[in-house]
């Protein structure tokens, strides 16, 4: 739709003060009509921070293969009464996208937790196990450096959604490399609809609705470097289900009943296996929810998360 403003007549109106004002307004409207993004297109919006929270951004926690790994640390503005527990937020995105910048877990800082939203190397940069190595490095950094931020390094939880839930579950089950000299184990895990068995994930297997070519181009194949059929042991290493032991921390598993991306059965099987091993695990099905979405932002779901981390990480 063409603008009704005629730039050819605007200069004529600038011969008097009112005319100049009309000319300026007209030029602004014309610019916006022709290019609505002209104003503010270079202004990057900062993610909103919940009330009562401060943030330390882009703290370097490790460098792996010349890639700087950073985290954002959300802290209560009010001085905590002693050292506080911390929760690491791990973003989703199919191991191929996503960012630490928007942290849906930041609200936990309103409840006396520090929240570390971490970056990690994606599958287009490095393949498995680079992603979990980065997560372990973030735990070690918090354990080694947290005290100056008021963090108790002995009370660290992990929380993630989708691919982030996958990595959080592995932080709670998979044995980490201890050669760094600092323990990378966490004391509680909240897994939001993360795949826990890559061998049975539909995108990783040929079926009536999925060709071998599609499987070869799946996110799982990009994470592992090839299909699960070709590297089943590597796929098991990247699956929390195969790492469960009686020493694992408590779990809160949350999954949408209508999830089209990660089958609900992934979380059902994982929850059952945790309980069979004697691990305290709570399983919450969010009725009507798909792969994330507004249902997971309800007060009921958030309060469940807060209650879980208070129970497991608060003294």
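The values are calculated or read from the model by the stated rules, or taken from the named source; none is laboratory data. What you are looking at is a predicted structure, and each value in this text was computed from that prediction instead of being measured. Here the Cβ is made from the backbone with ideal geometry for all residues, glycine too, and neighbour counts use every protein chain on show.
Checked against (1) in the same structural domain as residue 167 (by TED's automatic domain parsing); (2) farther than 27 Å from residue 125 by Cα; (3) surrounded by fewer than 22 Cβ atoms within 10 Å (Cβ to Cβ); (4) out of contact with any helix residue (DSSP H, G or I) (no Cβ under 6 Å at 6 or more places or on another chain), residue 274 meets all criteria but (3).
Residues considered: 138, 116, 168. Of these, the only one that is crowded, with 23+ Cβ neighbours inside 10 Å, at pLDDT 95 or above and within 10 Å of the chain's Cα centre (by Cα) is 168. Pairs meeting the criteria (first residue in region 166-178 and outside the structural domain of residue 130 (by TED's automatic domain parsing) and under 16 Å from residue 280 (Cα atoms), second residue crowded, with 24+ Cβ neighbours inside 10 Å and modelled with pLDDT under 95, beta carbons under 9 Å, at least 6 apart or on different chains) are lacking. Being within 24 Å of residue 297 (Cβ to Cβ), assigned to a helix (DSSP H, G or I) and without any contact (Cβ under 8 Å) to a residue 60 or more places away in the chain: is that true of residue 109 here? Yes. Of the residues that make up region 230-241, is at least one free of Cβ contacts under 8 Å to residues at least 24 places away in the same chain, assigned to a loop (DSSP other than H, G, I, E, B) and outside the structural domain of residue 159 (by TED's automatic domain parsing)? Checking region 230-241: at least one residue is free of Cβ contacts under 8 Å to residues at least 24 places away in the same chain, assigned to a loop (DSSP other than H, G, I, E, B) and outside the structural domain of residue 159 (by TED's automatic domain parsing). Checking 186, 284 one by one, the residue that is in a loop (DSSP other than H, G, I, E, B), within 22 Å of the chain's Cα centre (by Cα) and modelled with pLDDT of 95 or more is 186 and no other. Of all residues in region 201-213, one or more are outside the structural domain of residue 60 (by TED's automatic domain parsing), touching a residue at least 60 places away in the same chain (Cβ under 8 Å), touching a strand residue (DSSP E or B) at 6+ places or on another chain (Cβ under 9 Å) and within 26 Å of residue 225 (Cβ to Cβ). Going through (1) on the phi > 0 side of the Ramachandran plot; (2) surrounded by fewer than 21 Cβ atoms within 10 Å (Cβ to Cβ); (3) in contact (Cβ under 8 Å) with a residue 12 or more places away in the chain one by one, residue 66 falls short only on (3).
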